[in-house]
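Since the structure comes first, as structure tokens, the remarks are kept for the end.
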Amino acid sequence: MKRLFVGIPLPTSIRRELARLQDPRWPATRWVREEQFHLTLQFLGPTEPSRIPLLVEALSEITVPSFPLHIAGTGVFPSLQRARVLWAGLHPSTILQELHQAVITHLKPLGYEPEKRPFHPHITLARFKGPAPPELEHFLRTNHDLDLPPFTVDRFHLYESNLHRQGARYKPLHTFPLVTR
């Protein structure tokens, strides 16, 4: 079985800016490695490798245009008191929502159900193994107005996620270009 998800890669310049926010001195914090930053559109979970061609065929039918994306702000899931994930947010994007919905629509006939939670697009910066470190509140105050330059989303990937002690490693299995305007 392969652990799969559909996501958007980030440009190197944006990944570098996000990596600058990280502080490896925080206790009980697993920071996402710079090269692993991405935006998840749909988690698919364990999948038989024989199903990958069906996924590729379905995702190849998506015809959403390329669009600008703008990373802004930071936050945590599920709450500051029980923080498990530290993230960078995004300015609202109608086309990002359309792409997310297109992925769901094209994969549902293959048995992949959307998450029950509403889609909250974000870039995971870190995960907390226990209680969030005391530095978190200061980080959120300092970076609440994070505002990185917009970039163009011109493709998305079918990724494989391999779990390791140092955290997950993501490998693009297939790239799907978006329609160029």
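Could you pull out every residue, at least 5 positions away or on a different chain, whose amide H is within less than 5 Å of the one on F156? Hs are placed 1.01 Å off N in the peptide plane, and Pro or chain starts have none.
So F156 has HN proximity to F176, L178.
Post the alpha-carbon centroid distance, segment 129-181 to segment 52-96, in whole angstrom.
9 Å
Can you return the lysines within cross-link range of K171? Criterion is Cα-Cα under 18 Å, with same-chain partners fewer than 8 residues away left out.
Partners found: K2.
What are the ³J(HN,Hα) values, in whole Hz, obtained from phi via the Karplus relation 6.51 cos²θ - 1.76 cosθ + 1.60 with θ = phi - 60°, for each residue of segment 76-84 in sequence order, with x given for Gly and Pro?
9, 10, x, 7, 4, 5, 10, 4, 10
Starting from the Cα of H120, step 7 Å along the direction of its Cβ; do the same at R169; then give the gap between the two resulting points in nm.
With each label placed 7 Å out from Cα toward Cβ, I get 3.0 nm.
Using θ = phi - 60° and the Karplus relation 6.51 cos²θ - 1.76 cosθ + 1.60, list the HN-Hα couplings for segment 59-71 in order, rounded to whole Hz, with x at every Gly or Pro.
5, 5, 7, 6, 10, 8, x, 4, 7, x, 10, 9, 7
Amide H of T74: which non-local residues (sequence gap of 5 or more, or other chain) have their own amide H closer than 5 Å, using H built in the peptide plane?
For T74, the qualifying residues are G89, L146.
Calculate the FRET efficiency for S50 and V85 from the Cβ-Cβ distance with a Förster distance of 30 Å, rounded to the nearest 0.05.
Working: r = 32 Å, r/R0 = 1.08.
Plugging the Cβ-Cβ distance into 1/(1 + (r/R0)^6) gives 0.40.
Enumerate the lysines that K116 could reach by cross-link, defined here as Cα to Cα under 20 Å, with residues fewer than 8 away along the same chain left out.
Candidates past the 8-residue exclusion: K108.
For the chain, what proportion of DSSP beta bridges, expressed in % and rounded to the nearest 5, is antiparallel?
Just about 95 percent of them are antiparallel.
For helix 94-107, what angle does its Cα long axis make with the longest principal axis of the chain, in degrees from 0 to 90 and rounded to 10?
50 degrees
For segment 1-61, calculate the relative contact order in percent as a whole number, restricting contacts to Cα pairs under 8 Å that are 6 or more residues apart. Could you put the intermediate results ahead of the total?
Values: 53 pairs, mean separation 33.8, N = 61.
Over segment 1-61, the number comes to 55 percent.
Find how much the distance from M1 to T94 grows on full extension, using 0.36 nm per residue of separation minus their present alpha carbon separation; answer in nm with one decimal. Can you show the working numbers first?
Numbers: separation 93, 0.36 × 93 = 33.48 nm, distance 3.39 nm.
Gain on stretching M1 to T94: 30.1 nm.
For segment 119-130, take each phi angle, set θ = phi - 60°, evaluate the Karplus expression 6.51 cos²θ - 1.76 cosθ + 1.60, and give the result in whole Hz per residue in order, putting x for glycine and proline.
5, 10, x, 6, 10, 6, 9, 7, 10, 9, 7, x
Could you work out which residue, out of R127, R25, R15, moves most in a Gaussian network model of the chain, that is, has the largest mean-square fluctuation with Cα springs under 10 Å?
Among R127, R25, R15, the largest GNM mean-square fluctuation belongs to R25.
Only the coordinates and a few stated rules stand behind these numbers; no lab work does. Only a predicted model underlies this, so the values are computations on that prediction, with no experimental measurement involved. As a convention, Cβ positions derive from the backbone with ideal geometry for all residues, glycine included, and neighbour counts pool all protein chains shown.
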